[in-house]
Amino acid sequence: MTRKTVRIAMNGVTGRMGHRQHLVRSILALREQGGLDLGDGTVLWPEPVLVGRREQALGALAARHGLEHFSADLDAVLSDPGVDIYFDAQVTSAREEAIRRAIAAGKHVYTEKPTATGLEGALELARLAHAAGVKHGVVQDKIFLPGLLKLKRLIDGGFFGRILSVRGEFGYWVFEGDWQEAQRPSWNYRAEDGGGIVVDMFPHWEYVLHELFGRVTSVQALTATHVPQRWDEHGKPYDATADDAAYGIFELEGGVIAQINSSWAVRVHRDELVEFQVDGTEGSAVAGLRECRVQHRSATPKPVWNPDVPAGEAFREQWQRVPDNGEFDNGFKAQWELFLKHVYADAPYHWDLLAGARGVQLAELGLRSSAEGRRIGVPEITP
């Protein structure tokens, strides 16, 4: 076996998602398993170079995980010929310019979403990466979750017959920050800093719908700021200027209708924080982050509407659990492995910056739909 060291500049890993999912549960997890075997006698050994604005925080993070390399000078890291890949998990408003610099430096790019604050910027990143000949990918983690992998298995197996509709519920109560610490950073609730649930979640819904059911062809959305005042990380009150809830209807290619509610101002009465119910002519399924349950046409009960008597059926008990039938790795780590194989073994990979631009487009049109109070068509983005 030949071990090849791969140096990856990781920008934004002091943040919640960048640290927990990308650094610890993906890159460091790959190191713990001995590296990534490419299957040709080569094992990739990822060597993260931590990048960010606060050198002291980076140094503390590096020390905690036994890492050697960190820097608050992005340009210096990008000019290092030993760094092959640039990864970005910064706040959205800082991402586009940093990716531009990474592409100009000839680095392969892997990034969180949204890739830019607007569609034109997202498309320009895709054009620049293509012209530079660098490989590029966008995190689309939800489709690698166990629950959605089971749902994909059902779709591929023809379980649903003709799929009619998709209904999604996502969200939880994010504390305001006054008497309990908020679970999300304050910038998420300031539009001027790139916050808002549409910008955050519609890119997710775009690739989930696109990958599983078909391209989104129209969107009709209504957004709201249900909690107008919150408290930041220093305990200071601020005005929430971004949407914290969005109610969307999406028409898909082929006629499937999807409805997805997204909210940071909802208390959970579901089995998981996100669930999708898929109804088809031959059966239905409810998929969450990890679990998936089904009800086939042959086992569908026959409820009768009668509000004068208590419900005589335990509806949840009438569904059958889909077995794991295998082991599921962390979804972020699984996609990291695919991207690294794409870069170093030329394995196929289609979740690129153009796919990321589709997510930015849907968010942009969703906000426009809410502002104008109408349904808006979603033009197809092609290379």
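Throughout, read-outs are computed from the coordinates displayed, never taken from laboratory work. In this text the structure is predicted, and so the values were computed from the model without any measurement. Don't worry about glycine lacking a Cβ; one is built from the backbone with ideal geometry, like all the others, and counts go over all protein chains shown.
Taking amide H atoms as placed 1.01 Å from N in the peptide plane, the amide H of residue 171 lies under 5 Å from those of 263, each 5 or more residues away in sequence or on another chain. Mean sequence separation of contacting Cα pairs (under 8 Å, at least six apart), scaled by the length of the chain, corresponds to a relative contact order of 20 percent. Under 18 Å from a label point set 7 Å out along the Cα-to-Cβ vector of residue 281, the amide N atoms of the stretch 131-155 belong to 155.
Quickly rank 158-167, 83-92 as a protection proxy: mean count of other C-beta atoms within 10 Å, highest first.
83-92, 158-167
Angle check, please: helix 146-156 long axis (alpha carbons) against the longest principal axis of the chain (alpha carbons), in degrees 0 to 90, nearest 10. For helix 146-156, the angle is close to 60 degrees. Spacing of the modelled spin labels on residue 156 and residue 93, each 7 Å from Cα toward Cβ, amounts to 4.2 nm.
Per-residue packing, averaged as other Cβ atoms within 10 Å, sorts the ranges 7-16, 321-330 into the order 7-16, 321-330, beginning with the highest. The angle separating the long axis of helix 92-104 from the principal Cα axis of greatest extent in the chain is about 50 degrees. Relative to the longest principal axis of the Cα atoms of the chain, the long axis of helix 197-212 makes an angle of roughly 80 degrees.
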